[in-house]
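Presented below is the structure to which this report refers.
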Amino acid sequence: MVIEKKVQLCGPQPNIRKPSDVMKLERMGSFHPSRLSFSRILIRKMIQQKTRISCTRWEMDENGFGDAVYQLNLFGKDLALIAFSNFLETSQRTDRVIASAWDTSFALFYGVPSISDIERLKTQLPFQEAGRYKNTELVLSRANKSVRMFELVAQSLSEGKQPPSELINDIGYLMRTTAVYGNGKFGIDDRKNHSDLSDFSVPFQLEMLTVYLIRGFSLDLVNHVAKARNPKKFVPLDKKIQRYIGIGNATGLGMAPFLVKHPVLLNNWFQVRETALSRMIDLAELSKEKAERLIELTFRVKAFINSWNTDDDRQKKRIDILKAEWVSLINEFNLEKLLKINALKNIFNISKNYSTECQELIVSLFLEVGGDLIDGLDLCLESTKLPMLYPKMRVHELADLIKKNFSWALKIDFSLKENQSRFWYVSEEKLEPRLGNRYEQEGQDLERPLDIARKVYSLHADLGSFHDDMIVAEFLMKHPEHRFIIRRIQTNAWAPYSEIHDNLIDEHCKPIDMLRCKLSFFGASKFDPKSDRWVRVNLFQGAPLKNELNDQKNDDWWMPTLEYS
């Protein structure tokens, strides 16, 4: 029954964009959050269930140090966020993964935690990776305060006034997570124990829930600290400002290889996104309600773009271009034009003359008004099928697949140093991915298989020495080193969005594009690169507060600004 529904929901669309159009790093690095981002899916379902979140324990001193517990029931499961806040020396505060101390640490707990559970985790959680955990722990996380933001907000509230809107807009969060670990890491429970036949089957729902609860904790904490400083003058943080405050996240290279290591999952994410877009641009007629909603959202987007700041030269130029383009493109969004036949298709075609940043923003805009057509696609985001080797395939069939689907890889000249100057490896110290220079650093013997294009190129060259009718199994007896890439090529035949159409070991490759792509699927916004290898973003900015999950209208939080939150 479930399989039949998935086929119906996720079947091919007539006007879906091709992998060769969308699987390029430049485009992937231009994605924006959308209605089908994991955080949006989570909040929408929490609202549908009218989820109630209760703070059942608050043991914090006047400086905001101590522990707290938030309890809820979601998808029939009792869950709790257990939070610990500690004093941290300024010299120890860093967003780098090699840090060993944090302002706060958290666990998403399965069930109702006892005092002994809290005491156990009070000892273990501050150690994070080095701690010892049980299968009652589903997600681990840690976060640091944005010291300037947290202190200024707390001091303002203690003096009976709201914090300045300029600072709120400039930073947009009180804390930022530096890691969110799930799926069995470090001895916690496996995701599969909670995803089968449940709404948690959508990817990263447990992790997104953890981050959302941390956001609520950060708001409670700043109010608590402010009130403790001056109970008589204290005023709580304005609800509008609270909604606009999200949770920051600092993410580096550790996230990038995920997109290569999980090809079927990548395919499903893209196929869902492109299917949703296709359904929208295939709409012959828009209702007046949808048309008016689009017009309203274009002005919100304009305000959002104007509030998006970064010091990164590359991204700043892209934002400046986007601002100018949006002013021009917004003229297409008037009621008369939107009520004409094929209005969305026309606008989509016009957007092709603009930057990829603008084109992909149009994609997210269209999806925002298409809930009735696309929301069910979240059932198709998960992958239950793994890449498989088909040993009976003939050599000529494999060669044909390469020419058909990997021609982009065959065009790269790997005899040139610049086309293979990088190599990916895993740091022994922290078990985190790193990117090295092949001609300046040691460690090539530890290279991880992210050089997909080079492996395809090498395989294609070796295939030319074998008879067309030989089966793959015989070929692999002579060349077992090609087993990995053959399996990926065969998988790509039925999962066409499973490969990034770029050379990931090229000296000009920008991992930041891979980070932004994945973070957009999470629902992150305000992308602020700090180099081409790490970025700061904001999650759940504009989302309803934990006591506002009882009204469907509160799901309207895409592209928030203080004006529209």
message: Condition first: surrounded by 13 or more Cβ atoms within 10 Å (Cβ to Cβ) and in a loop (DSSP other than H, G, I, E, B). Now tell me which residues in the range 60-92 satisfy that.
response: Gly64, Phe65, Phe75, Asn86, Leu88
field: Single condition Ala461 does not satisfy, out of (1) open to solvent by 70 Å² or more (accessible area, probe 1.4 Å); (2) without any contact (Cβ under 8 Å) to a residue 40 or more places away in the chain; (3) assigned to a helix (DSSP H, G or I)
entry: (1)
message: Looking at Arg35, Arg17, Arg52, Arg57 in this structure, which one is open to solvent by 20 Å² or more (accessible area, probe 1.4 Å), outside any loop (DSSP other than H, G, I, E, B) and not small (Gly, Ala, Ser)?
response: Arg57
- request: Determine whether the range 358-376 contains at least one residue that is surrounded by 15 or more Cβ atoms within 10 Å (Cβ to Cβ) and over 23 Å from the mean Cα position of the chain (by Cα).
  value: no
field: Filter result for Leu401 (closer than 23 Å to Ile305 by Cα, touching a residue at least 40 places away in the same chain (Cβ under 8 Å) and in a helix (DSSP H, G or I))
entry: no
- prompt: Taking the range 542-561 only, how many residues are among the basic types (Lys, Arg) and not in a helix (DSSP H, G or I)?
  reply: 1
task: Provide a single number: the residues in the range 509-541 that are open to solvent by less than 10 Å² (accessible area, probe 1.4 Å), assigned to a loop (DSSP other than H, G, I, E, B) and either of a type in the set (Phe, Trp, Tyr) or farther than 20 Å from Ser30 by Cα (or both).
output: 1
task: May I ask you to say which residue of Arg448, Arg483 is open to solvent by 80 Å² or more (accessible area, probe 1.4 Å), touching a residue at least 60 places away in the same chain (Cβ under 8 Å) and in contact with a Leu (Cβ under 9 Å, 6 or more places away or on another chain)?
output: Arg483
field: Subset of the range 417-433 [modelled with pLDDT under 90 and either surrounded by 19 or more Cβ atoms within 10 Å (Cβ to Cβ) or under 16 Å from His508 (Cβ atoms) (or both)]
entry: Pro433
message: Being within 19 Å of Gly184 (Cβ to Cβ) and open to solvent by 50 Å² or more (accessible area, probe 1.4 Å) is the filter here; which residues of the range 121-131 pass it?
response: Phe127, Ala130
message: One residue is enough: does the range 378-389 have a residue meeting the conditions modelled with pLDDT under 95, over 24 Å from the mean Cα position of the chain (by Cα), of a type outside the set (S, T, N, Q) and buried (at least 17 other Cβ atoms within 10 Å of the Cβ)?
response: no
task: Having 3 or more residues that are modelled with pLDDT under 95 and under 19 Å from Ala80 (Cα atoms) is the bar; report the helices (runs of 4 or more DSSP H) wholly within the range 149-231 that clear it.
output: 192-195
message: Going through Asp238, Asp199, Asp190 one at a time, which residue ends up being surrounded by fewer than 21 Cβ atoms within 10 Å (Cβ to Cβ), touching a helix residue (DSSP H, G or I) at 6+ places or on another chain (Cβ under 6 Å) and of a type in the set (Asp, Glu)?
response: Asp199
message: Any residue that is in a loop (DSSP other than H, G, I, E, B), in contact (Cβ under 8 Å) with a residue 60 or more places away in the chain, over 24 Å from Phe270 (Cβ atoms) and hydroxyl-bearing (Ser, Thr, Tyr) - is there at least one of those in the range 490-500?
response: no
Residues located in the range 132-174, provided they are of a type in the set (Lys, Arg) and surrounded by fewer than 19 Cβ atoms within 10 Å (Cβ to Cβ): Arg132, Lys134, Arg148, Lys161
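The values are calculated or read from the model by the stated rules, or taken from the named source; none is laboratory data. Note that the coordinates shown come from a computational prediction; the quantities given were computed from them, not determined experimentally. Note that each Cβ is placed from the backbone with ideal geometry, even for glycine, and that neighbours are counted across all protein chains shown. We work out accessible area using only protein heavy atoms, side chains counted, and drop any ligands, DNA or RNA first. Shrake-Rupley method; radii C 1.70, N 1.55, O 1.52, S 1.80 Å.
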